[in-house]
1. Please give the solvent-accessible surface of Trp115 in Å², to the nearest 10, using a probe radius of 1.4 Å with every protein chain present.
2. Suppose we keep just the DSSP beta bridges with both residues in segment 210-317; what percent of those would be antiparallel, to 5?
3. I need the calculated FRET efficiency for the pair Glu390 and Gln74, taking r as the beta carbon distance and R₀ as 30 Å, to the nearest 0.05.
4. Given the pairs Lys271/Lys297; Lys297/Lys380; Lys307/Lys380; Lys133/Lys297; Lys270/Lys307, which are separated by over 23 angstrom at their Cα positions?
5. Any chance you could run the full-extension gain for Cys201 through Glu148? It's 0.36 nm times the residue separation minus the Cα-Cα distance, nm to one decimal.
6. What is the extension gain from Trp273 to Gln221, computed as 0.36 nm multiplied by their sequence separation minus the C-alpha to C-alpha distance, in nm to one decimal?
7. With every protein chain present, what accessible area does Asp395 have (1.4 Å probe, heavy atoms only), rounded to the nearest 10 Å²?
8. State, to one decimal in nm, how far the label point of His208 lies from the label point of Glu249, with both points 7 Å from Cα in the Cβ direction.
Amino acid sequence: CVNHNHNDSRGKLERRLSSDSLENDRKHKKRKNDYHKHRRPRTSGLRNLGNTCFMNAVLQSLSNIQEFCGYIKQLPSLEDKVLKAKKIHISRKTRDTGEDVLLVEELRKTLVALWQGTKGAISPESLFSVIWKVVPRFRGYQQQDAHEFMRYLLDRLHIELLELLPYPNNNSPYIGPKGKSTIVTAIFGGLLQSEVSCLICRMESKKHDPFLDLSLDIPAQFSSRITKPKDGEPVCTLLDCLASFTELEELEDSELYMCNNCKQRQRSTKKFWIRRLPNVLCLHLKRFRWSMFCRLKVETFVEFPVKGLDMNTYVLNNLHETRGNFSGSNVYDLAAVIVHHGSGAGSGHYTAYATHEGQWYHFNDSTVTACDAETVMRCKAYILFYVRREIRLPDSLCVRTQSSLNGRHHLSRHLSV
């Protein structure tokens, strides 16, 4: 009996050891997979200089839009242009106007430093000091709105790059002299068409307006909701916001339309179409609104797709212009999201999610951590950046970079995926 018990115990022990060995193998494989899945990106974090999370979130989002970031990074140093500008403007005693600095040069240096990946976090002090000079409203260390900052940043970059156009040649990294296009408008620029119809004589007026981003209202039936909807309750989606933006609306009595046919102000309807989609579609959800004397935040959760946002419904597809070589596809994939955490417009905290080489990362100032798409989809988005699956850029903007790994040249992104 003793021997039987001994053999039985030994058998149990061997089975347990065998089971433990299999479990250890599984854990080892899981750790190995997790290591590859959660590998650190080549990019660095950005130190918070005192409520500068609004800037950090925008910079990290833009740095992960390859076509934009790749172009800015490969620009030659513009230090000599800055020095020339300083000499000219110092003589005019305009040193503090911000005219003697180039934001594009500081942005270039910041993006290059970010992607060197040699530091866990870098300090964007030089860039921030230039922003203080260029846009006085951002001086100081109070919390700012990330969307307003992004618009000022892109507008200033566009203006500066237009000033640098006197250098066109076949090998120039600058944009050619035709039109008023820069990398900013080539990447983010789209065209809206607004149609206003007089309800009395049915006269229709069309107007075209360029845009770098679209600001979308959260529909009224969802905007008062604070918590996520329960099972069975309708969920506010990004498509709801886009539909609300493009739907036919009757203008208020305070917005009577001056009809050229009736020769007086009349009741009218208005509708938006997207006449030309951009290569990167930037969608800003209006989460802040004025109520009496303060700005309130709309906390509604808005569901958005990570893959395959189809914009066909909102585009004038029958136009001759949209069938050109640069029209591309109307399907988009998410590249980055900016999130505002907190309840107030002048307080709270900004972070960003962005994808790089198929892996999502969360950028929280100095900290960069890997995450999955499900985590991204659960966030309350403030600004969304969608990249067109079939990007179409002029040849002068298809950045070629020297690969440090194999010495071959490659495009920063394929034209079609």
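The values are calculated or read from the model by the stated rules, or taken from the named source; none is laboratory data. Everything numeric here is computed off the predicted structure, so don't read it as measured data. FYI the Cβ positions are ideal-geometry reconstructions off the backbone, even for glycines, and counts take in every protein chain you see. Keep in mind that these areas ignore ligands, DNA and RNA; they rest on the heavy atoms of the full protein, side chains included. Shrake-Rupley method; radii C 1.70, N 1.55, O 1.52, S 1.80 Å.
1. It works out to around 30 Å².
2. On the way: 9 of 14 bridges.
Beta bridges within segment 210-317, antiparallel portion: roughly 65 percent.
3. Details: r = 23 Å, r/R0 = 0.76.
In this case the efficiency is close to 0.85.
4. On the way: Lys271/Lys297 27 Å; Lys297/Lys380 12 Å; Lys307/Lys380 17 Å; Lys133/Lys297 30 Å; Lys270/Lys307 31 Å.
Flagged as over cut-off: Lys271/Lys297; Lys133/Lys297; Lys270/Lys307.
5. Details: separation 53, 0.36 × 53 = 19.08 nm, distance 3.95 nm.
Net length gain for the segment: 15.1 nm.
6. Numbers: separation 52, 0.36 × 52 = 18.72 nm, distance 2.29 nm.
Answer, rounded to one decimal: 16.4 nm.
7. Taking all protein chains as shown, Asp395 has close to 140 Å².
8. 2.4 nm
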